[in-house]
Amino acid sequence: MNLPNMADAKRRTKKEIKILYDDYNSDEYSELGKDKKYLILTYGCQMNVHDSENIAGIMEDVGYTRTEDMDEANVIIVNTCAIRENAHNKAEGMLGRIKHLKETKDITVIFCGCMAQEEKLVNKIVKNKWIDIICGTHNYHKIPEYIAKLNKEKNICEVYSMEGDVIENLPVTRDSLYTAWVNIQYGCDKFCTYCIVPYTRGKQRSRLSEDIINEVRELYNNGYSEVTLLGQNVNAYGKDFDNGYDFATLLGEVSQTGIPRIRFVTSHPWDFTDKMIEVISKCDNIMPYIHLPIQSGSDRILKLMGRKYTIKEYLELVKKIRDHIPNVSITTDIIVGFPGETEEDFEMTLDIVNKVKYDLAYTFIYSPRESTPAASMKDDTPLSVKKGRLARLNELINKYALESNQKMLNNTYNVLLIGESDKKNKFMGYTENMKLVNVKCDESYVGKIVPVKITDVKTWSLDGEINDR
Ligand code: SAH
Ligand code: SF4
Ligand code: F3S
């Protein structure tokens, strides 16, 4: 049994990062899932969504078939997120349901992801014993081995609180046939004071560029039109190499593969270079969409958050991006109610939203996280005040989201259609600058990039029709 340890998870040494090409081996387990079904539930960010694609690939590689029906599943995998309290609550609610189910039939339950890296929580759930396997974010490739061992051991808890390696060559079952996630780096070394990710995901480690480019090439050859390069800080890519190979260079090389659309998330304002802006503006297949989390509009709060940029620098960066990348969309993340945030600090956040006029923003009430420095900062703002701030912020964000969409009305944009819309008889897709469009068309357009005329706009989406004139 290996229980998580937050002090170990925080450690950053000069240890060399290992790139492991042969660490996943399923030969022994190829019959493990014969006539059995697995179900996977995913919470959290794109990183988790893509990890779940790898877990699905692994389960299928050892013979399981997928089901979306809980009553049919022999194995239920819960891939969890630890970023805020409500992410916890959602996963815990689901665990309650699964526990009931397990009382009525024989199922194997696997609890993995970022919550599984949390020391206090795992120390608690490990005692309950009803969860068969607890597995952290570093060792998904060993899931078949853990399942096989369950014959002899009753419960398994294998969580490594370590800096981490790069595990290559994992099987993958992707959710889409047209757009694909491609990891370029794992972990995070930024240690923003509110954030648990550096503890749950380990040290920043970049994949080798040739492995990334080969993956993109293969996706393109297999008919994919879009890749999203993934990392907690994509633009810190390569900082762990010390050979000058950076994110801008990688972007340029990925562009050369010829894949029609390249996106990337998330960029940290701290590492956003002029060279990146130049490459994005030069390469037509790098999409004009930048998610640039600001977190707060107050320099004082940014400093307490450990974000290491000032509002002045952030605004200069936004200006440079807008000057060089035509039709660029800029979106952001904002936290309200960070410990010690005053009304004045909050108004500075509103002020920055008024200046940048974001295309969209994800807004959150600060949530204290285990072992992070901010969790022990004095926080005397009542929740009701924080909720009031969030509502005021959202109102402003929505106003600018609608305004930016209105500018697109009656114009025609290229849209990659990716599937059915939840609006009746429509299909959905994204413009180059990442606007969601519901399009009235027939199914044959799905998977294609087509010109779409915008016929109506809402705050969160656009409506359109194919414009093939
Ligand atoms: N690596 C990305 C963010 C990943 S987490 C970046 O640095 O931009 C996604 C967002 O969750 C963060 O941008 C932040 O706005 C929010 N978040 C992270 N920790 C939080 C916490 N403790 N409370 C509230 N929101 C948080
Ligand atoms: Fe968290 Fe900051 Fe790292 Fe983003 S950069 S994952 S907010 S510590
Ligand atoms: Fe959540 Fe882990 Fe992503 S904490 S936001 S799933 S990196």
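The values are calculated or read from the model by the stated rules, or taken from the named source; none is laboratory data. All values reported here derive from a predicted model rather than from experimental measurement. Cβ: placed from backbone, ideal geometry, glycine included. Neighbour counts: every protein chain shown.
Among Tyr366, Tyr362, Tyr358, which is the only one that is free of Cβ contacts under 8 Å to residues at least 40 places away in the same chain, among the aromatic types (Phe, Trp, Tyr), assigned by TED's automatic domain parsing to the domain that holds Arg322 and at negative phi?
Only one candidate qualifies: Tyr362.
Answer yes if at least one residue in the range 184-200 is aromatic (Phe, Trp, Tyr), assigned to a loop (DSSP other than H, G, I, E, B), within 16 Å of ligand 2 (Cβ to nearest atom) and in contact with a Ser or Thr (Cβ under 7 Å, 6 or more places away or on another chain), and no otherwise. Walk me through it before giving the result.
Within the range 184-200, the first condition is being aromatic (Phe, Trp, Tyr), and the residues that meet it are 186, 191, 194, 199.
Then drop every residue that is not assigned to a loop (DSSP other than H, G, I, E, B), which leaves 191, 194.
Then drop every residue that is not within 16 Å of ligand 2 (Cβ to nearest atom), which leaves 191, 194.
Keeping just the survivors that are in contact with a Ser or Thr (Cβ under 7 Å, 6 or more places away or on another chain) gives 194.
Yes, the conditions are met somewhere in the range 184-200.
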Check on Tyr224, farther than 30 Å from Ser161 by Cβ, without any contact (Cβ under 8 Å) to a residue 60 or more places away in the chain and more than 16 Å from ligand 3 (Cβ to nearest atom): yes
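Yes/no per residue for (1) over 20 Å from Val234 (Cβ atoms); (2) out of contact with any strand residue (DSSP E or B) (no Cβ under 8 Å at 6 or more places or on another chain); (3) within 16 Å of ligand 1 (Cβ to nearest atom):
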position: Pro144; (1), (2), (3): yes, yes, no
position: Ile147; (1), (2), (3): yes, no, no
position: Ser161; (1), (2), (3): yes, yes, no
position: Val172; (1), (2), (3): no, yes, no
position: Asp175; (1), (2), (3): yes, yes, no
position: Trp181; (1), (2), (3): no, no, yes
position: Cys188; (1), (2), (3): no, yes, yes
position: Gln204; (1), (2), (3): no, no, yes
position: Ser209; (1), (2), (3): no, yes, no
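Condition first: among the polar types (S, T, N, Q) and surrounded by fewer than 18 Cβ atoms within 10 Å (Cβ to Cβ). Can you find one or more residues in the range 93-106 that meet it?
Checking the range 93-106: at least one residue is among the polar types (S, T, N, Q) and surrounded by fewer than 18 Cβ atoms within 10 Å (Cβ to Cβ).
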Matching option when the condition is out of contact with any Phe, Trp or Tyr (no Cβ under 9 Å at 6 or more places or on another chain) and on the phi > 0 side of the Ramachandran plot, among Asp274, Asp242: Asp242
Any hit, the range 418-433, residues being closer than 26 Å to Asp333 by Cα, in a loop (DSSP other than H, G, I, E, B), in contact (Cβ under 8 Å) with a residue 40 or more places away in the chain and not polar (S, T, N, Q): yes
Filter result (farther than 29 Å from Tyr21 by Cβ and either within 15 Å of ligand 3 (Cβ to nearest atom) or among the polar types (S, T, N, Q) (or both)) within the range 121-169: Leu121, Val122, Asn123, Asn128, Asn151, Asn155
Any hit, the range 184-202, residues being touching a Cys at 6+ places or on another chain (Cβ under 7 Å) and either free of Cβ contacts under 8 Å to residues at least 60 places away in the same chain or of a type in the set (Gly, Ala, Ser) (or both): no
Scope the range 342-375; condition of a type in the set (Lys, Arg) and within 16 Å of Ser404 (Cα to Cα); matching residues: Lys355, Lys357
Residue count, the range 403-435 (criterion: exposed (fewer than 14 other Cβ atoms within 10 Å of the Cβ), within 27 Å of the chain's Cα centre (by Cα) and closer than 13 Å to Asp463 by Cα): 2
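Scan the range 238-253 and give yes if some residue there is touching an Asp or Glu at 6+ places or on another chain (Cβ under 8 Å), within 16 Å of ligand 1 (Cβ to nearest atom) and modelled with pLDDT under 95, otherwise no.
yes
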Checklist (1) crowded, with 17+ Cβ neighbours inside 10 Å; (2) part of a helix (DSSP H, G or I) applied to Ala148, failing item: (1)
Matching option when the condition is within 16 Å of ligand 3 (Cβ to nearest atom), in contact (Cβ under 8 Å) with a residue 40 or more places away in the chain and over 25 Å from Leu3 (Cα atoms), among Gln46, Gln117: Gln46
Cross-chain or 6+ apart pairs with Cβ under 8 Å, the range 231-259 first and over 19 Å from Ser281 (Cα atoms) and charged (D, E, K, R), then part of a helix (DSSP H, G or I) and at pLDDT below 95: Lys239/Asp271
Every pair of residues 6+ apart whose Cβ atoms lie under 6 Å, when the first sits in the range 263-284 and is within 16 Å of ligand 1 (Cβ to nearest atom) while the second is modelled with pLDDT of 95 or more and aromatic (Phe, Trp, Tyr): Pro269/Tyr309; Pro269/Tyr314; Trp270/Tyr309
Condition broken by Thr273, with the remaining ones in (1) within 24 Å of Asn183 (Cβ to Cβ); (2) surrounded by 15 or more Cβ atoms within 10 Å (Cβ to Cβ); (3) assigned by TED's automatic domain parsing to the domain that holds Gly238 satisfied: (2)
The range 20-64, residues that are surrounded by 14 or more Cβ atoms within 10 Å (Cβ to Cβ), in a strand (DSSP E or B) and in contact with an Asp or Glu (Cβ under 6 Å, 6 or more places away or on another chain): Lys37
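Glu215: more than 16 Å from ligand 1 (Cβ to nearest atom), surrounded by 19 or more Cβ atoms within 10 Å (Cβ to Cβ) and without any contact (Cβ under 8 Å) to a residue 40 or more places away in the chain, yes or no?
For Glu215, the condition - more than 16 Å from ligand 1 (Cβ to nearest atom), surrounded by 19 or more Cβ atoms within 10 Å (Cβ to Cβ) and without any contact (Cβ under 8 Å) to a residue 40 or more places away in the chain - is met.
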